[in-house]
Amino acid sequence: LNRNFPIHWGKSGSEYSSDKKDSPYFRGLHEGSELETQALIHLFERENFVASISFHAFANSLLYPYSIEGFLNPEPDLAKEFGRKLTRFIRSTNSNKPFKFRKNIYPVDGVDQDFYYFKYGTLAYIFETSHFNPEYKHVGKIIENYRIVWLRLLDEISFGKKLLYRILDEEGNPNELIYQGAYR
């Protein structure tokens, strides 16, 4: 699913976005081809999420949009600044891998976070855990260490400073569109 979203789908030429069904990086038959991808798109259209975190393994990082090579982020880059705040106190639970905050791990296209950010303005992140299939005895410690990320996200969205824009039509009446973005 992470390569199936309709943003720059199949255009990177990266080995990490494949048209081969037997590849671990298969991006789907066409953009948005998977039912799960379609369900997530419909959910985002309906709910207008302010923020999102997708959990993955195991690069030990928080990734912010845009992971697509060559896509320029807007200035100010709220996703980057907000993500920096989320990860300020994260400590790696894997002594062989420091925790990183970055745009991408490798070139890829059709990524959910990029689509959510581009299409809906959602502060969307991919959270890469520190271990791949860890022993069960370590799972609690790993999860607890990263709990701070989603708690800070909820806290900031709920109680942090915000900008609220109301768009008016030609007669000065409020338009249906209201954009709410987190900024601090």
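From the list Tyr116, Tyr146, Tyr106, Tyr125, pick out the single residue that is part of a helix (DSSP H, G or I), of a type in the set (Ser, Thr, Tyr) and at pLDDT 85 or above.
Tyr116
For the range 59-103, how many residues meet the condition of being among the aromatic types (Phe, Trp, Tyr), part of a loop (DSSP other than H, G, I, E, B) and under 27 Å from Gly140 (Cα atoms)?
Adding up the residues that qualify gives 3.
Just for the range 83-121: of the residues that are of a type in the set (S, T, N, Q) and surrounded by fewer than 22 Cβ atoms within 10 Å (Cβ to Cβ), which one is nearest to the chain's Cα centre (by Cα)?
Looking at the filtered set, the residue picked out is Asn104.
Within the range 51-66, can one find any residue that is in contact (Cβ under 8 Å) with a residue 60 or more places away in the chain, polar (S, T, N, Q), loosely packed, with under 14 Cβ neighbours inside 10 Å and over 18 Å from Ile105 (Cα atoms)?
Scanning the range 51-66 turns up no residue that is in contact (Cβ under 8 Å) with a residue 60 or more places away in the chain, polar (S, T, N, Q), loosely packed, with under 14 Cβ neighbours inside 10 Å and over 18 Å from Ile105 (Cα atoms).
When only residues in the range 128-143 that are assigned to a helix (DSSP H, G or I) and open to solvent by 30 Å² or more (accessible area, probe 1.4 Å) count, which is nearest to Arg84 (Cα to Cα)?
For the range 128-143, the residue satisfying everything is Ile143.
The values are calculated or read from the model by the stated rules, or taken from the named source; none is laboratory data. Every value quoted in this text rests on a predicted model; they were computed, and no experiment measured them. Here Cβ is always computed from backbone atoms with ideal geometry, including for glycine, and neighbour counts include all displayed protein chains. With ligands, DNA and RNA removed, areas are computed over all heavy atoms of the protein, side chains included. Shrake-Rupley method; radii C 1.70, N 1.55, O 1.52, S 1.80 Å.
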